[in-house]
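Notes follow once the structure below has been shown.
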Amino acid sequence: MKDKIIINGAGLVGSLWAVFLARRGYQVDVYERRSDMRKAGFVGGRSINLAMSVRGWKALEKAGVKDQLLSNALPMEGRMMHSETGELTFQPYGKSDQAIYSVSRGGLNRALVEIAEDFEGVNFHFDHRCVDADLDENELVFSLPDGTIKKERASYIFGADGAFSALRSEMQRTPRFNYSQSYLDHGYKELEIPATADGEFAMADNALHIWPRGHFMLIALPNPDKSFTCTLFLPFEGEQSFENLQTDDQIHSFFNTYFKDAVPLMPTLLEDFKDNPTSSLVTIRCNPWQMNNRMLLIGDASHAIVPFYGQGMNSGFEDCTILDDLAEEYGEDWNKIIDVFNDTRIEDANAIADLAIRNFIEMRDLVGDPEFLLRKKIAAWLHDKFPDKFLPLYSMVTFSHIPYSTALREGHAQDELFKQILALPGIEENWKTDEVIAIFENWLTQKSNANG
Ligand SMILES: Cc1cc2nc3c(=O)[nH]c(=O)nc-3n(C[C@H](O)[C@H](O)[C@H](O)COP(=O)(O)OP(=O)(O)OC[C@H]3O[C@@H](n4cnc5c(N)ncnc54)[C@H](O)[C@@H]3O)c2cc1C
């Protein structure tokens with residue numbers, strides 16, 4: 001008989017990790033503070049979507065649930081940039097067969113819970129809010145809607161209870177627990193572009209649309225019902241800010257100035273803007289992620305990041321892949337697995353947190369910048385010419401399984417390379433040159449010398 005395992009949180013990461021563990025034959029009990037999303041109709045209402053890339057798909061494949069989920073995912077092959085005057089520019093994300101996928105958060109979460117419960121025998125306990133934990137006894141305390149208090153123990157406990165994790169707050173009270181949270185000055189608000197009167201997409205559906213405007217931006221991802229979910233990222237305070245968008249006139253004038261081509265596609269803009277909350281964006285880091293090698297934080301509970309690389313869920317799903325690989329390697333010795341995971345994964349989580357902030361700057365400021373676009377073109381050319389020696393940073397993060405910390409280091413090295421290339425006189429006109437290749441080869445040599 002295998003150990004009993006508790007997962008706190010039936011969000012995206014908790015429900016996927018439950019599938020992995022149940023497949024290995026464990027008795028898995030998942031506790032979730034919300035009501036059962038299937039009964040509460042969680043999927044209905046606004047369709048909030050997420051970008052899934054190869055790290056996420058790999059975990060779903062390993063858990064044996066990829067095919068069920070792929071049919072509802074929409075491929076986005078690149079960014080479609082909308083200028084202030086309405087010109088469109090398409091920038092592919094990678095090679096022609098590479099895409100990231102728009103998936104419904106509610107649909108994905110619901111599917112994972114159903115697979116875990118119906119096919120893998122996982123026990124879900126909804127309406128159970130974790131309010132306390134005894135870290136020495138490996139015990140969680142839950143509060144139920146009728147006021148009942150329940151205590152549950154298990155050999156191993158995983159905290160997948162999100163950015164404001166109850167389990168992590170208990171750990172924070174222990175000595176030498178490092179914790180930091182930092183908020184961006186920007187918040188976000190979700191808006192909608194519905195399907196047209198003919199039931200079609202109002203814009204190209206094979207792209208993630210971006211309206212980059214310097215200190216703020218609007219993005220839109222397609223949904224299977226042919227609508228788009230838009231997200232406005234804007235400072236809370238300042239000249240262009242949520243604080244200054246209070247009246248109908250202010251909202252209209254702001255959108256007509258900066259997102260003119262989107263306004264006719266958003267018939268419920270005013271209502272959506274006023275009804276939908278303005279939410280904040282936080283980066284959370286902590287160390288350790290584990291207690292006594294028997295309790296482990298995973299997903300946003302240990303590493304919440306800002307959404308600009310589309311890697312929050314992907315990195316949480318990658319946690320599951322790595323843990324399952326370690327289970328293979330260490331013969332399901334969970335004390336060892338938790339210890340090794342804690343020692344090796346935190347560096348990568350910190351790296352993707354840094355990369356996500358870096359991509360925020362890239363998306364809002366640079367995607368319309370000619371030098372940035374030239375760098376992208378040269379990077380794609382170098383990758384075509386030297387596929388084994390050069391992979392652009394975006395591809396490393398989004399289309400590979402290279403550890404995030406390696407990608408971050410390589411990204412810094414690539415910044416140095418492009419500083420030299422872009423300084424060449426006349427580079428804008430002529431960049432497919434021997435001079436560029438010479439700089440590249442010299443950079444490669446220096447890099448390999450530095451790496452010993
Ligand atoms: C605007 C925005 C856009 C994003 N876009 C992307 C994207 O495109 N791609 C991507 O990969 N990621 C994206 N993310 C990040 C992604 O949403 C998160 O990384 C992901 O949801 C983390 O999953 P999780 O299961 O760890 O946490 P959550 O999804 O937050 O799940 C935590 C679960 O724990 C439950 N819970 C919380 N407290 C308790 C408690 N005390 N007791 C019991 N249960 C509890 C919650 O109800 C919830 O069900 C985005 C995030 C934001 C904010």
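Each label point was placed 7 Å from the Cα along the Cα-to-Cβ direction; for Ile48 and His401 their separation is 3.0 nm.
Taking the Cα centre of the stretch 182-280 as origin and assigning +1 to Lys and Arg Cβ atoms and -1 to Asp and Glu Cβ atoms, the resulting dipole is close to 220 debye.
Is the C-alpha gyration tensor of the stretch 114-196 telling us rounded, prolate or oblate? Criteria: a/c under 1.5 is rounded; beyond that, a/b larger than b/c is prolate, otherwise oblate. The shape class here is oblate.
Diffusion coefficient (Stokes-Einstein, Kirkwood radius over C-alpha pairs, 10 °C, 1.306 mPa s) for the stretch 263-412: 89 µm²/s, rounded to a whole number. What FRET efficiency, computed as 1/(1 + (r/R0)^6) with R0 = 30 Å and r the Cβ-Cβ distance, is obtained for Gln246 and His412, rounded to the nearest 0.05? For R0 = 30 Å, the calculated efficiency reads 0.10.
Remark on the stretch 196-236: Rg and Dmax equal 11.8, 37 Å (Cα only). Applying the criteria of a DSSP loop state and at most 12 other Cβ atoms within 10 Å to the GluC sites (Glu not before Pro) of the stretch 60-113 yields Glu87. Compute the label zone of Ala197 within the stretch 240-268: residues whose backbone N is under 14 Å from the point 7 Å along Cα-to-Cβ. Taking a point 7 Å out along Cα→Cβ of Ala197, the residues of the stretch 240-268 whose backbone N falls under 14 Å are 265, 267.
Rg/Rh for the stretch 329-376 (Cα atoms only, Rh after Kirkwood) is 1.36.
In a simple Cβ point-charge model (Lys, Arg +1; Asp, Glu -1; nothing else charged), the chain has a dipole of about 520 debye relative to its Cα centre.
Centroid-to-centroid, using Cα positions, the stretch 323-371 and the stretch 187-213 are 30 Å apart. With a Förster radius of 30 Å applied to the C-beta separation of Ser253 and Asn276, the computed FRET efficiency comes to 0.95.
Kindly state, as a whole number, the per residue volume in cubic angstrom of the convex hull around the alpha carbon atoms of the stretch 134-174.
Per-residue hull volume (Cα only) is 83 Å³.
Please report, to two decimal places, log10 I(q)/I(0) for the chain at q = 0.07, 0.13 Å⁻¹ as given by the Debye formula with identical point scatterers on the Cα atoms and no solvent. Summing over Cα pairs of the chain leads to -0.39, -1.26.
For the stretch 7-158, the Cα-based Rg and Dmax, in that order, read 19.0, 62 Å.
Here is the result for the stretch 227-312: no chymotrypsin sites (Phe, Trp or Tyr not before Pro) lie in DSSP coil with at most 10 other C-beta atoms within 10 angstrom of their C-beta. Once you've got the Cα coordinates, tell me which of Lys226/Lys377; Lys226/Lys260; Lys58/Lys377; Lys389/Lys419; Lys377/Lys419; Lys4/Lys151 are over 23 Å apart. Going by Cα-Cα distance, Lys226/Lys377; Lys58/Lys377 fall outside the 23 Å limit.
Let me know the shape class of the stretch 91-248, please: from the alpha-carbon gyration tensor, a ≥ b ≥ c as square roots of the eigenvalues, rounded when a/c is under 1.5, otherwise prolate if a/b is greater than b/c, or oblate.
On the way: a/c = 2.27, a/b = 1.57, b/c = 1.45.
Note, shape of the stretch 91-248 comes out prolate.
Stick to Cα atoms and the Kirkwood definition of Rh, then tell me Rg/Rh for the stretch 182-280. Write out the running numbers ahead of the final one.
Details: Rg = 13.3 Å, Rh = 13.9 Å.
Reported Rg/Rh, Kirkwood definition of Rh: 0.96.
Of all trypsin sites (Lys or Arg not before Pro) in the stretch 206-303, which ones are in loop regions per DSSP and have a Cβ with at most 15 other Cβ atoms within 10 Å? Can you show the working numbers first?
On the way: sites: Arg213, Lys226, Lys260, Lys274, Arg285, Arg294; in loops: Arg213, Lys226, Lys260, Arg294.
When the trypsin sites (Lys or Arg not before Pro) of the stretch 206-303 are filtered for loop state and at most 15 Cβ neighbours within 10 Å, Lys260 remain.
Computed from the C-beta positions of Glu371 and Asn442, the FRET efficiency with R₀ = 22 Å rounds to 0.55. When the Cα positions of Pro370, Ala438, Phe386 are compared along the charge dipole of the stretch 369-450, Phe386 comes out farthest toward the positive end, with charges on each C-beta of Lys, Arg, Asp and Glu.
Here the extension length gained between Phe90 and Asp132 equals 10.1 nm, from 0.36 nm per residue of separation less the Cα-Cα distance. By the count of neighbouring beta-carbon atoms within 10 Å, fewest first, Ser395, Ser165, Ser241 end up ordered Ser241, Ser395, Ser165. Tell me whether the stretch 349-443 comes out rounded, prolate or oblate; compute the Cα gyration tensor, take square roots of the eigenvalues as a ≥ b ≥ c, and use a/c under 1.5 as the rounded threshold. Oblate, because a/c is 1.5 or more while a/b does not exceed b/c.
Bear in mind that the values in this text are calculations on the coordinates, not laboratory data. Not measured: the values here are computed from a predicted model. With ideal geometry, Cβ positions are generated from the backbone for all residues, glycine too; neighbour counts draw on all protein chains shown.
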